[in-house]
1. Taking Pro29 and the conditions (1) farther than 23 Å from Thr84 by Cα; (2) modelled with pLDDT under 90; (3) part of a helix (DSSP H, G or I), which numbered condition does it fall short on, given that it satisfies the others?
2. Please work out which one of (1) free of Cβ contacts under 8 Å to residues at least 40 places away in the same chain; (2) under 13 Å from the mean Cα position of the chain (by Cα) is the condition Arg63 fails and give its number.
3. Kindly establish whether Met50 is out of contact with any Phe, Trp or Tyr (no Cβ under 9 Å at 6 or more places or on another chain), crowded, with 16+ Cβ neighbours inside 10 Å and free of Cβ contacts under 8 Å to residues at least 12 places away in the same chain.
4. Look at Ala86 and say whether it is surrounded by fewer than 16 Cβ atoms within 10 Å (Cβ to Cβ), without any contact (Cβ under 8 Å) to a residue 60 or more places away in the chain and over 19 Å from Leu12 (Cβ atoms).
5. Taking only region 18-67 into account, find how many residues are touching a helix residue (DSSP H, G or I) at 6+ places or on another chain (Cβ under 6 Å) and of a type outside the set (A, V, I, L, M).
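The values are calculated or read from the model by the stated rules, or taken from the named source; none is laboratory data. Note that this is a predicted model, so its numbers are computed, not measured. As a convention, Cβ positions derive from the backbone with ideal geometry for all residues, glycine included, and neighbour counts pool all protein chains shown.
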Amino acid sequence: MNTLWVGLGGALGSIARYHVQRFATARAPAFPWGTLIVNLVGSFALSIVMQLVLRDRMSEAARIALGVGVLGGFTTYSSFNAETIALANAGRWGAAALYVTLTVLGCLGVGALGWMLGRGP
């Protein structure tokens with residue numbers, strides 16, 4: 001059943017992301033406002049979901065549908081943000097800093113590599 005919740009939520013999140021991107025790009029095509037908006041909204045919303053789960057105010061099914069499904073389809077940055085905050089809250093500052101560094105530099109690096117390989121000879 002959890003797989004169904006993730007799939008349904010992910011579909012809704014992906015559709016929402018598409019419309020936010022489309023709306024933002026139509027109004028300001030020179031800057032990636034759509035991506036920024038979904039990352040900010042997704043990070044904020046996932047933090048609320050996490051707090052509700054930690055305080056036993058949200059069911060496991062709702063957490064899976066909203067946190068993994070909807071927000072996972074909406075933005076993956078929200079997961080990166082939540083995991084970094086969780087590491088910091090656990091006092092694992094070195095691990096949090098390493099995760100941020102590896103994610104940002106690693107993703108930029110492999111993104112640049114993919115860009116170059118995708119261009120071909």
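1. Answer for Pro29: the failing condition is (3).
2. (2)
3. On the way: out of contact with any Phe, Trp or Tyr (no Cβ under 9 Å at 6 or more places or on another chain): yes; crowded, with 16+ Cβ neighbours inside 10 Å: yes; free of Cβ contacts under 8 Å to residues at least 12 places away in the same chain: no.
So Met50 does not fit the description; no.
4. yes
5. Qualifying residue count for the region: 9.
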